[in-house]
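Notes for the one structure printed next.
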Amino acid sequence: MDKIIIKMRKDVSDKIIAICKNFNNDPVELINVLHQTQDFLGYLPAEAQELIAEQLHIPTAKVYGVVSFYSFFTMTPKGKYPISVCLGTACYVRGAEKVLDAFKKELNLEVGQTTPDGLFSLTCLRCVGACGLAPVAMVGDKVYGRLTPDKVKGIVDEYRNME
Amino acid sequence: MANYKYHILICGGTGCHASQSAQIKENFEKIIVEKNLQNDVQVVGTGCFGFCEKGPIVKMLPDNTFYTQVTPEDCNEIVQEHIIKGRKVQRLLYLDPKSQEHKSDSKHMGFYKKQLRIALRNCGFIDPENIEEYIARDGYKALASVLEQNDPQGTIEVLKKAGLRGRGGAGFPTGLKWELCRKNAADQKYMICNADEGDPGAFMDRSILEGDPHTVIEAMAIGGFCIGASKGLVYIRAEYPLAIHRLRIAIDQAREYGLLGNNIFGTDFSFDIELRYGAGAFVCGEETALIHSMEGQRGEPTFKPPFPAVEGYLKKPSNVNNVETFANVPVIINKGWEWFSSIGTEKSKGTKVFALAGQINNVGLIEVPMGTTLREVIYEIGGGIKNGKKFKAVQTGGPSGGCLTEKFLDTPIDYDNLIAAGSMMGSGGMIVMDETSCMVSVAKFYLDFIVEESCGKCSPCRIGNKRMSEILDKITKGNGTMEDLERLKNLAKVIKDTALCGLGQTSPNPVLSTMDNFWDEYVAHVVDKKCPAGQCRALKQYVIDPEKCKGCTACARACPVGAIHGTVKQPHEINQEACIKCGTCYEKCKFNAISIK
């Protein structure tokens, strides 16, 4: 078998190796390892998955299988300001779809994409638990409630102006 | 310990947290110190009060004054008026929409009158990050008495007699579940808490974990003792950072107090809890899928038997209960099974927590005795439909449940009645819809959720639901036929009969129940090519009323496809063939001359 070529910087790979070690390189802890790696890198590139597989002594296919199964894990880097629009039922019946459309239009993005300047990414999520404020969207950790399509531009501008 | 005259309780649930409740707490703390009141007034961040609609909530003790929609700027006035001068801040009190009177005590508010809080008993009363506040409210007393009696089977009998059923959805008797696991001898067993609340629009479990994490820890330890497990695992959604944070604090505190760890209360019993994180997969709410996910695998369900009680986590006997189920256990042991079984209906005992949301006046978290009717929940607690619109349907049970119509409003809520009505209890999401909701679109919304979340292991769920979603898409675009409706029904039945897991088997429920209750609406989409609720874009028709149209040309200039024709100061007309139904003209018209048909 060919040796896996790891293109990562050494400090990055060292950190991932340390995360794996922290969980005793135990395959049962794979999801926890992936969580911490994603916290660290912002996403889970193929190289990181290969390295984790090697450390936990499991096939890369298994790691990829788990990464692709769970919606929380992503293989594309998120924007500096990740925007997630809640599409839970409470938000849906209060017009979340129109809010999502407004974000798509304002950022010229489809769900799952990141703007070319790396500033914004757009995703959907299911229920933030702030149904009293429906419809809601999150930018990073900040929750914006009682949204209407015409409020969208203001929110995006708030972050554009910070640049 | 300081003897405070006033306590200011500030809701720190997710809803209020998102509306700056942390800032409110900080402001209060600052002002109290500034005014040198720190020995008289205690500021406490609590869990969810439930009345999310009017959040952020601030409650004053001992007089029980309930302030709503408080902003960080209001803190000064509250301290100055309420605490220093002893006058209530009228403008922040709850305004009863019917009597137009301000109500200061939450007990007199329609939202709270019919509620009975058992699982949520401590939410909004105690500081979830302080174990002593939990202990002061009989916390860990149940664990102490269970260990003292040293009769695990006896404790299980108490739960069986109390009639506690699983609050996660299916309603399996909790005592029996524990007994089955207890009977399987093994060197290691696991007590697992399912906190993977995946239903869209449901936030009961997160509110309990955020507001009263110790109750879950205590109940897991009791359960561990009863089934013979020394290890507990909480499987919690990674999307719930606040709940994870509070649970971690609570576990650390319990360890520090010797309530987790080796030889609890000086007995032979040892028990500790670890957290495992979900990663956003709805199917992991199913217990076999949850166990696989905890093992670091894809969260795919497997066929039962073997049940987890025989072969669960790492092939050892395991017991999985949901958060709300656990929250009931310590109270039942403290107050006795007779008390618990006196609440509720014949086959469903106790209370149920619901996350009330949608087109309703009082969105929030509620807990009512089993047997309360939907009408009481929607009109008395929920305060009726928003903007005076007409009630159309209420959806219970999430993607596994169904939509119930007006004729079920007086049905007492319990496990069996909801199933008989074509829906189910589920974990407790309750979404109210008004006349502007299109039921075909709602069915499609749930089905799309399932299509996205289906784990893909069995073909009925993976392929069947995809085909159903395509048919519904066709119908909402105005291309459906009556044969499509038949195909939809047949597919739904096949999926129900042949899918592998509980989630797959119940996935066609939203379609079946809307077809049962709103058949005319499906027919209107298919035969008349009309959407009665006016939601389906492709079926909308924008029409200009020639009497109201002033010929200002604003719509014609805005139309992206040039579908509007007319001369200045003459009524305009929309070419229906060219119209893409974007609604721009409708928004631009200043004379309300454009209507949707």
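Read-outs throughout are calculated quantities, based only on the coordinates presented, and are distinct from any laboratory measurement. Because the structure is predicted, anything quoted here is derived from the model rather than measured. Note: ideal-geometry Cβ built from the backbone for every residue, glycine included; neighbour counts use all protein chains shown.
Some observations on this one:
- Other residues with beta-carbon under 15 Å from the beta-carbon of B:Pro200 carry, at +1 per Lys or Arg and -1 per Asp or Glu, a net charge of -4.
- FRET efficiency estimate (nearest 0.05) - Cβ-Cβ, B:Asp138 to A:Thr115, R0 56 angstrom: 0.55
- C-alpha long axis of helix A:46-56 to longest principal axis of chain A, angle in °: 50
- For the residue pairs A:Lys142/B:Lys35; B:Lys347/B:Lys489; B:Lys466/B:Lys489; A:Lys98/B:Lys389, the alpha carbons lie more than 25 Å apart in A:Lys142/B:Lys35; B:Lys347/B:Lys489.
- When the C-alpha to C-alpha distance is required to be over 32 Å, the pairs from A:Lys10/A:Lys104; B:Lys316/B:Lys496; B:Lys5/B:Lys113; B:Lys550/B:Lys597; A:Lys15/A:Lys104 that qualify are A:Lys10/A:Lys104; A:Lys15/A:Lys104.
- With a Förster radius of 41 Å applied to the beta-carbon distance between B:Asn76 and B:Leu275, the computed FRET efficiency rounds to 0.55.
- Placing unit charges on the Cβ atoms only, positive for Lys and Arg and negative for Asp and Glu, gives region B:180-305 a dipole magnitude near 240 debye about its Cα centre.
- 44 Å tail of the calculated P(r), the protein assembly as shown, as % of Cα pairs: 28
- Both the radius of gyration and Dmax for region B:449-511 are 11.3, 33 Å, in that order, over alpha-carbon atoms.
- Taking every residue in B:467-479 and counting other chain Cβ atoms within 10 Å of its Cβ, the average works out to 0.
- Residue-averaged beta-carbon neighbours from other chains (10 angstrom radius) around B:229-242: 2
- Rg over Rh [alpha-carbon atoms, Kirkwood Rh] for region B:351-434: 0.91
- When you count the other C-beta atoms within 10 angstrom of each residue and take the mean per peptide, B:129-135, B:353-359, B:231-237 line up highest first as B:353-359, B:231-237, B:129-135.
- Projecting label points 7 angstrom from Cα along Cα→Cβ for B:Asp96 and B:Arg487 puts them 5.6 nm apart.
- Across peptide B:290-297, the mean count of Cβ atoms from other chains lying within 10 Å of each residue's own Cβ comes to 5.
- Debye log10 I(q)/I(0) for chain A, one point scatterer per Cα, at q = 0.09, 0.11, 0.13, 0.14 Å⁻¹: -0.38, -0.54, -0.71, -0.78
- Inverting the pair-averaged 1/r between distinct Cα atoms of chain B gives 26.2 Å as its Kirkwood hydrodynamic radius.
- Taking other C-beta atoms within 10 Å as the exposure proxy, A:Cys91, B:Cys582, B:Cys403 rank B:Cys582, B:Cys403, A:Cys91 from fewest upward.
- Put in line by how crowded their Cβ is, counting other Cβ atoms within 10 Å and starting with the fewest, B:His17, B:His572 read B:His17, B:His572.
- Chain B: calculated mean residue ellipticity at 222 nm from DSSP helix runs of at least 4, using -39500 (n - 2.57): -9500 deg cm²/dmol
- Cleavage-rule hits (trypsin sites (Lys or Arg not before Pro)) in region A:1-79: DSSP loop, at most 12 neighbouring Cβ within 10 angstrom: A:Lys3, A:Lys7, A:Arg9
- Simple spin-label estimate for B:Glu346 and B:Asp151 in nanometres, 7 Å along Cα-Cβ: 3.0
- Residues of region B:410-441 with amide N under 15 Å of the 7 Å Cα→Cβ point at B:Asp520: B:435-436, B:439-440
- Net charge contributed by nearby residues that have their C-beta within less than 15 Å of B:Asp187 (K/R +1, D/E -1): +4
- Take B:495-502, B:96-103 and order them by the average number of nearby Cβ atoms within 10 Å per residue, most first; the result is B:495-502, B:96-103.
- Over chain B, relative contact order from alpha-carbon pairs under 8 Å, at least 6 apart, %: 11
- By the count of other C-beta atoms within 10 Å, a proxy for reagent exposure, B:Lys569, B:Lys349, B:Lys315 are ordered fewest to most as B:Lys569, B:Lys315, B:Lys349.
- Working ranking of peptides B:473-486, B:43-56 by packing, defined as the average number of other Cβ atoms within 10 Å per residue, highest first, is B:43-56, B:473-486.
- Cα gyration tensor, region A:68-162 - rounded (a/c under 1.5), prolate or oblate: oblate
- Separation of the A:Arg146 and B:Asn64 label points, Cα + 7 Å toward Cβ, nm: 2.8
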